[in-house]
Amino acid sequence: MRFCDDAVAVSEILGIVLTRTQAKDITERQAAFPAHALDSYLPRLVRAGKRVAICDGLPEPQPEKKSRKRSTKKAENK
């Protein structure tokens, strides 16, 4: 079973919205809920026979900006 297939199953079991995300020209389906709802959603998933892993989402890494070094010396008047 693929990740997006799991998302479809979870959204049907829990009655939550199925969303889509785009990353590097790949569109994936997602089903997620906030951590404070875990106490109500986790038992429903387990009763439905699903195995559950709890993880935090991480933002997509951004390329580092090149820093421009500025001279700390004042321009000399000639």
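Readers should treat all values here as calculations from the given coordinates under stated rules, not as data from a laboratory. Keep in mind the model is a prediction, meaning the values are calculated, not measured. Using ideal geometry, Cβ is built from the backbone for each residue, glycine included, and neighbour counts are taken over all protein chains shown.
Values for this structure:
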read-out	value
Qualifying positions in the range 1-33 - under 17 Å from P43 (Cα atoms), among the β-branched types (V, I, T) and outside any loop (DSSP other than H, G, I, E, B)	V10, I13
Pairs, first under 14 Å from E12 (Cα atoms) in the range 24-44, second of a type in the set (K, R), C-beta under 6 Å, six or more apart	R29/R20
Within the range 13-51, tally of residues that are surrounded by 10 or more Cβ atoms within 10 Å (Cβ to Cβ) and within 16 Å of the chain's Cα centre (by Cα)	11
